[in-house]
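Undergrad: Right, I'll just put the structure down here and ask away after.
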Amino acid sequence: MILKSQVEWALHCCAILAGLPDGRYLSTKALAEFHGLPKEYLSKALQGLSHAGLVDTSLGPSGGYRLAKPPADINFLEIVEAVEGRQRTFICSNIRANNPCRPKDYCESSPCAVARIMWEADEAWREKLRGVRLSDLVGILSQEIPPQLWKSSFEWVLERAG
């Protein structure tokens, strides 16, 4: 399974937005510049977050994006699904029906074992992402990023926040 690069972008942008003070917004341009991303493509990921109700938007010179909920109330699965959609990662096309040895009127009463196993794996993956909050990520980043880089990054963001 390969997720769109916009999933990574959305997760990183949400981590940045989690540090914004109340009432402040960060523009697509600033988020794109911070991450070295094309603004036009990043906009699509941010729009997905907006449609999912994960970020609020504001227009105008000091407008942009901010989280719509506290970081503890947003999980990774919500962000992934805002960008990728909610469809299963495995689609069964029932190729077992093409077996030339099967009687023509033979019909299974349940999905095949391959599909069931893949769907169970998909649900386990989703459950793992559902259990990781944006606040968990912020906590990890605050421990892993050197203090001076953490501070200068936060200052850079605040200088550009409307």
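The values are calculated or read from the model by the stated rules, or taken from the named source; none is laboratory data. Everything quoted here is computed from the prediction, not taken from an experiment. For neighbour counting, all protein chains shown are included, and Cβ atoms are generated from backbone atoms with ideal geometry for every residue, glycine included. Heads up: the accessible areas ignore ligands, DNA and RNA and are worked out on the full protein's heavy atoms, side chains in. Shrake-Rupley method; radii C 1.70, N 1.55, O 1.52, S 1.80 Å.
Undergrad: Residues in segment 51-82 that are over 21 Å from G131 (Cβ atoms), buried (at least 20 other Cβ atoms within 10 Å of the Cβ) and without any contact (Cβ under 8 Å) to a residue 60 or more places away in the chain: how many?
TA: Here is the first cut: in segment 51-82, the residues over 21 Å from G131 (Cβ atoms) are 51, 55-66.
Filter again for buried (at least 20 other Cβ atoms within 10 Å of the Cβ), leaving 55, 64-66.
Narrowing the set further to residues that are without any contact (Cβ under 8 Å) to a residue 60 or more places away in the chain leaves 55, 65-66.
Of the residues in that region, 3 qualify.
Undergrad: I'm trying to understand the selection: among the residues of segment 87-146, which are among the aliphatic types (A, V, I, L, M) and outside any helix (DSSP H, G or I)?
TA: I91, V132, I145
Undergrad: Which residues, counting only those in segment 105-140, are within 23 Å of G23 (Cα to Cα) and not β-branched (V, I, T)?
TA: The first filter runs over segment 105-140 and keeps only residues within 23 Å of G23 (Cα to Cα), leaving 133-139.
The answer is R133, L134, S135, D136, L137, G139.
Undergrad: Every residue in segment 115-142 that is at pLDDT 95 or above and in contact with a Cys (Cβ under 7 Å, 6 or more places away or on another chain), please.
TA: L134, the sole residue that qualifies.
Undergrad: Among L137, L129, which is free of Cβ contacts under 8 Å to residues at least 60 places away in the same chain, farther than 20 Å from L42 by Cα and touching a Leu at 6+ places or on another chain (Cβ under 8 Å)?
TA: Details: L137 fails: free of Cβ contacts under 8 Å to residues at least 60 places away in the same chain.
Result: L129 is the single residue among L137, L129 that is free of Cβ contacts under 8 Å to residues at least 60 places away in the same chain, farther than 20 Å from L42 by Cα and touching a Leu at 6+ places or on another chain (Cβ under 8 Å).
Undergrad: Also, I was wondering about something else. Say we look at segment 24-42 and pick out the residues that are of a type in the set (G, A, S) and free of Cβ contacts under 8 Å to residues at least 24 places away in the same chain; which of these is surrounded by the fewest Cβ atoms within 10 Å (Cβ to Cβ)? Break it down stepwise before answering.
TA: Step one: filter segment 24-42 for residues of a type in the set (G, A, S), giving 27, 30, 32, 36.
Applying the additional criterion that residues be free of Cβ contacts under 8 Å to residues at least 24 places away in the same chain yields 32, 36.
Details: A32: 19, G36: 6.
Restricting to residues being of a type in the set (G, A, S) and free of Cβ contacts under 8 Å to residues at least 24 places away in the same chain, the top hit is G36.
Undergrad: Of C112, C101, C92, which residue is farther than 21 Å from G36 by Cα and touching a residue at least 24 places away in the same chain (Cβ under 8 Å)?
TA: On the way: C112 fails: touching a residue at least 24 places away in the same chain (Cβ under 8 Å); C101 fails: touching a residue at least 24 places away in the same chain (Cβ under 8 Å).
Only one candidate passes the filter, namely C92.
For (1) touching a Gly at 6+ places or on another chain (Cβ under 6 Å); (2) of a type in the set (D, E); (3) not in a helix (DSSP H, G or I), each residue gets a yes or a no:
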position: G19; (1), (2), (3): no, no, yes
position: A30; (1), (2), (3): no, no, no
position: E33; (1), (2), (3): no, yes, no
position: K44; (1), (2), (3): no, no, no
position: R66; (1), (2), (3): no, no, yes
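Undergrad: Would you be able to say whether some residue in segment 7-23 is of a type in the set (V, I, T) and within 18 Å of L77 (Cβ to Cβ)?
TA: Taking segment 7-23 as the starting set, the residues that turn out to be of a type in the set (V, I, T) are 7, 16.
Among the residues that remain, those that are also within 18 Å of L77 (Cβ to Cβ) are: 7.
Looking through segment 7-23, at least one residue is of a type in the set (V, I, T) and within 18 Å of L77 (Cβ to Cβ).
Undergrad: Working carefully through the options E127, E144, E120, find the one that is under 19 Å from the mean Cα position of the chain (by Cα) and open to solvent by 70 Å² or more (accessible area, probe 1.4 Å).
TA: Details: E144 fails: under 19 Å from the mean Cα position of the chain (by Cα); E120 fails: under 19 Å from the mean Cα position of the chain (by Cα).
Exactly one residue qualifies, and that residue is E127.
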